[in-house]
Amino acid sequence: MTHAPEPLEGAPLIAPSTVDHPLYEPVVEACRSVYDPEIPVNIYELGLIYTIEITDENAVRVIMSLTAPGCPVAGEMPGWVADAVETLPGVKQVDVELTWEPPWGMEMMSDEARLELGFM
């Protein structure tokens, strides 16, 4: 008889996004406008945007990763995301946080990204 593995204690590795906020879709679209210069797919479809948190005061917090810690634009990409999101009407403040937990993997890409990059 096999048992399901015990659930891990604590929070999920990737925090849930505020999907029911009216600004959620515009923020996603803004993230889709940012591309990794080495890959012809936007960072949202690549799965680099882990969490989009939006408060009742319309402050946006984006938690994102990069394809690799040594990514040449590691220092710049969070700024590109902040620039794209802060221009949205209604957004009061933007905070973009870089995380390496969990590490990004190709399984995080959307089907569209896999197709575009020839992985499907």
Relative exposure of Glu107, Glu45, Glu29, judged by other C-beta atoms within 10 Å (fewest first): Glu107, Glu29, Glu45
The chain - share of DSSP beta bridges that are antiparallel (%, nearest 5): 50
In sequence order, calculated HN-Hα J values of the stretch 44-55 (Karplus, 6.51, -1.76, 1.60; Hz; x Gly/Pro): 5, 5, 5, x, 7, 8, 7, 9, 10, 9, 10, 7
Phi to ³J(HN,Hα) by Karplus 6.51 cos²θ - 1.76 cosθ + 1.60 over the stretch 64-76, Hz, x for Gly, Pro: 9, 10, 10, 5, 7, x, x, 3, x, 9, 3, x, 9
Alpha carbon convex hull of the chain, volume per residue in cubic angstrom: 143
Under-5 Å amide H pairs with Tyr50, H placed in peptide plane, nonlocal only: Ile63, Met64, Ser65
Table column - 3J(HN,Hα) (Hz), the stretch 101-107, Karplus curve with 6.51, -1.76, 1.60, x for Gly and Pro: 10, x, x, 5, x, 4, 5
Chymotrypsin sites (Phe, Trp or Tyr not before Pro) within the stretch 24-120: DSSP coil, no more than 16 neighbouring Cβ in 10 Å: Trp100, Phe119
Footprinting exposure proxy for Met120, Met77 (fewest neighbouring C-beta atoms within 10 Å first): Met120, Met77
Long-range amide H partners of Val94 with built H, under 5 Å: Val60
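Quick note: the coordinates plus some simple rules give every number you see, no bench work behind them. All of these numbers come straight from a predicted model, not from anything done at the bench. Note that we place each Cβ from the backbone using ideal geometry, even for glycine, and neighbour counts take in every protein chain shown.
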